[in-house]
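Q: Next up is a structure, given as structure tokens.
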Amino acid sequence: MEKISPFELKNKLIDMADESIRKSTHIMLNAGRDNPNWISTVPREAFFLLGKFSIEECKRVMDLPEDIAGIPEKEGIASCFEAFLKKNESEAGAELLKNSYNYTLMKHAVDPDSLVHEWAEGVIGD
């Protein structure tokens, strides 16, 4: 495997996935080699709004004049997130972010602070 090109590796992985599809009910989406020439804006707007929240949380924890902030704290972060969503409800992506949050809490019974903390740390790359 170390001696084949990235394209050959990709094709091998696709072949392996195709073979496993025949053995399961899952379907693999093969979008081809290139990216489409369009984007879906709403998920990206939600992602960037989540980023805005996460940066605000970092600054709430620690905000130094050198543009250095802290790391989001887990305890109480869900209530901060809910307040942020209310304050920014007219922002692009807010509805998807709110619906995703509510869906995850209701359907998967996760701890709100754990969920939002994971999202915040993920979006800031911590």
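The values are calculated or read from the model by the stated rules, or taken from the named source; none is laboratory data. The structure presented is a predicted model; accordingly, all values stated were derived computationally and were not measured. Quick reminder, even Gly has a Cβ in these numbers, built from the backbone with ideal geometry, and neighbours come from all protein chains shown. All accessible areas refer to the heavy atoms of the entire protein, side chains included, with ligands and DNA or RNA removed. Shrake-Rupley method; radii C 1.70, N 1.55, O 1.52, S 1.80 Å.
Q: Look at region 43-58 and say how many of its residues are in contact (Cβ under 8 Å) with a residue 40 or more places away in the chain and either assigned to a loop (DSSP other than H, G, I, E, B) or open to solvent by less than 80 Å² (accessible area, probe 1.4 Å) (or both).
A: Count: 10.
Q: Mind listing just one residue for me: the one in region 84-118 that is surrounded by 14 or more Cβ atoms within 10 Å (Cβ to Cβ) and over 17 Å from the mean Cα position of the chain (by Cα) and, of those, farthest from residue 44 (Cα to Cα)?
A: 84
Q: Restricting to region 59-83, give me the number of residues that are part of a helix (DSSP H, G or I) and open to solvent by 10 Å² or more (accessible area, probe 1.4 Å).
A: Result for region 59-83: 7.
Q: Another one. Return the only residue of 19, 57, 45, 66 being modelled with pLDDT under 75, out of contact with any Lys or Arg (no Cβ under 9 Å at 6 or more places or on another chain) and of a type in the set (D, E, K, R).
A: Residue meeting the stated conditions: 19.
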